[in-house]
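Trainee: Got a structure here, written out as structure tokens. Questions coming.
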């Protein structure tokens, strides 16, 4: 059996002038804040490197397509149950949205359909570290929400009342308590929330750590190895065709993130999906201690395990027009109607990425995944500037740090903002796990465990019904996730 060559990973690249524009933007912002520019900011999120398995297997009990946090946790839990598992990843493990998110692992403000998964995931993050010895950067540091908007505070209080019925602890903060906990902001607050059992993990460490643990259990991981499609016998899965050869299997788990809809289309599966391009700014480690995880309506701040900070504006993003977006636009009207204030028209990044094409491809020639192994879209220049300025306004100490990185990622969303997880009836043996709508990192362990349960026929760790992909045949009006 052939193996995937350890060549340099090809990325969704920008023209040289566009890359220079990014650099100039960040350097200009740094200089405007009086920060020295001895080194130009980089355009990639930090990510641990991982060596691939040396040989592609000829067969496996399960093949997982996609090496993000969902795919590697699913593979890990299946390997723990004695299954032979191969993960095939077109680029690097964790290189797309799994390393481009905030790193929050939260129950706070979760939609009721996702809360059971979020609760169990927090336990599984801790258990994974104890069982594997790997460092994901996970810590139950607690998450803090601050506000001067009484309506927003009232919504949080309403969620607190619901959370109590689910056994989740969250503390409403009075104005005095919020001001004290938020003293690094140097301002008074009317109220807030502190969720002590929630936390963060490091997006640059997590997926590679799980993949490393998987390999020690006997699973194999194949980077730079795109899955081109599925072989069928009698209508069900019989193999996964990769650029390096075919792996015979009866079960394929598809966890390919933003690529899911176009891949499903090759099998005649209609999976409504839209991607939103979101931007994150990172500042280097600082001497002054700031909150580990702080959310406000204007900007959110998260401390990474190396002491640096991610900065982002919650929910803000750009929708790049593509053929796939136009195809599914009617199903996404409820989503856009609810969140239009934070979503803006985009540009050509979606077309450049190639992940939202309606094209069909063969199994004997390079596919769009091999032409753009890592989606690395252009950050929104206005968002970079506004995010940093708002963060400095909120936490003045950040003004002395400057920008170390700024990157963007494609958040794959479903019409109701809840992921699709389960076997697709049109193709027996094909398990879909996609559309995590910006929530996937924190709930990755729970999702992976559920997938392993579904594959092995074990009692599900929580009720899988809310995630059934068959629901996408119905309208999402009145069903869009609240948070």
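Trainee: Against the condition modelled with pLDDT under 95 and closer than 22 Å to residue 202 by Cα, how does residue 402 come out, does it pass?
Mentor: Numbers: modelled with pLDDT under 95: yes; closer than 22 Å to residue 202 by Cα: yes.
Taking the combined requirement at face value, the residue satisfies it.
Trainee: Do we have residue 478 as assigned to a loop (DSSP other than H, G, I, E, B), more than 19 Å from the chain's Cα centre (by Cα), over 26 Å from residue 331 (Cα atoms) and in contact (Cβ under 8 Å) with a residue 24 or more places away in the chain here?
Mentor: Criteria not met by residue 478.
Trainee: Which residues, counting only those in segment 133-167, are over 21 Å from the mean Cα position of the chain (by Cα), at pLDDT 95 or above and assigned to a loop (DSSP other than H, G, I, E, B)?
Mentor: 133, 148, 149, listed by residue number.
Trainee: Which of the residues that make up segment 123-133 are surrounded by fewer than 19 Cβ atoms within 10 Å (Cβ to Cβ) and either touching a helix residue (DSSP H, G or I) at 6+ places or on another chain (Cβ under 9 Å) or within 15 Å of residue 294 (Cα to Cα) (or both)? Break it down stepwise before answering.
Mentor: Of segment 123-133, the ones surrounded by fewer than 19 Cβ atoms within 10 Å (Cβ to Cβ) are 123, 126-127, 129-133.
The answer is 123, 127, 129, 131, 132, 133.
Listed here are the residues, each with its yes/no results for (1) over 15 Å from the mean Cα position of the chain (by Cα); (2) buried (at least 24 other Cβ atoms within 10 Å of the Cβ).
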position	(1), (2)
48	yes, no
61	yes, no
72	no, yes
75	yes, yes
83	yes, no
90	yes, yes
98	no, yes
108	yes, yes
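Trainee: Does residue 382 satisfy the condition of being free of Cβ contacts under 8 Å to residues at least 24 places away in the same chain and either in a loop (DSSP other than H, G, I, E, B) or over 21 Å from the mean Cα position of the chain (by Cα) (or both)?
Mentor: Details: free of Cβ contacts under 8 Å to residues at least 24 places away in the same chain: yes; either in a loop (DSSP other than H, G, I, E, B) or over 21 Å from the mean Cα position of the chain (by Cα) (or both): yes.
So residue 382 fits the description; yes.
Trainee: Condition (residue is buried (at least 18 other Cβ atoms within 10 Å of the Cβ), in the same structural domain as residue 408 (by TED's automatic domain parsing), touching a residue at least 40 places away in the same chain (Cβ under 8 Å) and assigned to a loop (DSSP other than H, G, I, E, B)) applied to segment 321-339: is it met by at least one residue?
Mentor: no
Trainee: State which residue is surrounded by the most Cβ atoms within 10 Å (Cβ to Cβ) when the search covers only segment 340-358 and only residues that are touching a residue at least 60 places away in the same chain (Cβ under 8 Å) and more than 13 Å from residue 317 (Cβ to Cβ).
Mentor: Pass one, segment 340-358, residues touching a residue at least 60 places away in the same chain (Cβ under 8 Å): 343, 346, 349-350, 352-358.
From what is left, the residues that are more than 13 Å from residue 317 (Cβ to Cβ) are 352-358.
Numbers: 352: 18, 353: 24, 354: 18, 355: 28, 356: 26, 357: 18, 358: 12.
The residue in question is 355.
Trainee: Just give me the residues in segment 435-460 being farther than 16 Å from residue 94 by Cβ and not in a loop (DSSP other than H, G, I, E, B), in sequence order.
Mentor: Answer for segment 435-460, where residues must be farther than 16 Å from residue 94 by Cβ and not in a loop (DSSP other than H, G, I, E, B): 446, 449, 450, 451, 452, 453, 454, 455, 456.
Trainee: Of the residues 457, 442, which is in contact (Cβ under 8 Å) with a residue 12 or more places away in the chain and assigned by TED's automatic domain parsing to the domain that holds residue 107? Write out each step before concluding.
Mentor: Details: 457 fails: in contact (Cβ under 8 Å) with a residue 12 or more places away in the chain.
Being in contact (Cβ under 8 Å) with a residue 12 or more places away in the chain and assigned by TED's automatic domain parsing to the domain that holds residue 107 holds for just one of 457, 442, which is 442.
Trainee: Does segment 168-176 include one or more residues that are part of a helix (DSSP H, G or I) and in the same structural domain as residue 288 (by TED's automatic domain parsing)? It would help to see each step written out before you state the result.
Mentor: Taking segment 168-176 as the starting set, the residues that turn out to be part of a helix (DSSP H, G or I) are 175-176.
With the extra rule that they be in the same structural domain as residue 288 (by TED's automatic domain parsing), the set shrinks to none.
The answer is no, given that none of the residues of segment 168-176 is part of a helix (DSSP H, G or I) and in the same structural domain as residue 288 (by TED's automatic domain parsing).
Trainee: Next question, about the same structure. Residue by residue through segment 247-267, note down the ones that are under 24 Å from the mean Cα position of the chain (by Cα) and in a loop (DSSP other than H, G, I, E, B). Steps first, please.
Mentor: First, pick out the residues of segment 247-267 that are under 24 Å from the mean Cα position of the chain (by Cα): 251-266.
Correct list: 251, 255, 256, 266.
Trainee: Output the residues belonging to segment 232-271 that are out of contact with any strand residue (DSSP E or B) (no Cβ under 9 Å at 6 or more places or on another chain) and surrounded by 22 or more Cβ atoms within 10 Å (Cβ to Cβ). If you could, list the steps in order and put the result at the bottom.
Mentor: Here is the first cut: in segment 232-271, the ones out of contact with any strand residue (DSSP E or B) (no Cβ under 9 Å at 6 or more places or on another chain) are 234-235, 245, 262, 265, 268, 270.
Result: 262, single match.
Trainee: Would you tally the residues in segment 163-176 being closer than 20 Å to residue 106 by Cβ and either surrounded by fewer than 16 Cβ atoms within 10 Å (Cβ to Cβ) or free of Cβ contacts under 8 Å to residues at least 40 places away in the same chain (or both)? Working first, answer last.
Mentor: Restricting attention to segment 163-176, the residues satisfying the condition of being closer than 20 Å to residue 106 by Cβ are 163-173.
Among the residues that remain, those that are also either surrounded by fewer than 16 Cβ atoms within 10 Å (Cβ to Cβ) or free of Cβ contacts under 8 Å to residues at least 40 places away in the same chain (or both) are: 164-167, 169, 171-173.
So the count comes out to 8.
Trainee: Among the residues of segment 307-320, write down those that are within 16 Å of the chain's Cα centre (by Cα) and part of a loop (DSSP other than H, G, I, E, B).
Mentor: Correct list: 313, 314, 315, 316.
Trainee: A further question on this structure: Scan segment 416-444 residue by residue and report those that are closer than 17 Å to residue 262 by Cβ and more than 12 Å from the chain's Cα centre (by Cα).
Mentor: 420, 424, 426, 427, 430, 432, 433, listed by residue number.
The values are calculated or read from the model by the stated rules, or taken from the named source; none is laboratory data. Owing to the predicted nature of the structure, the values given are computational and were not obtained by experimental measurement. Note that each Cβ is placed from the backbone with ideal geometry, even for glycine, and that neighbours are counted across all protein chains shown.
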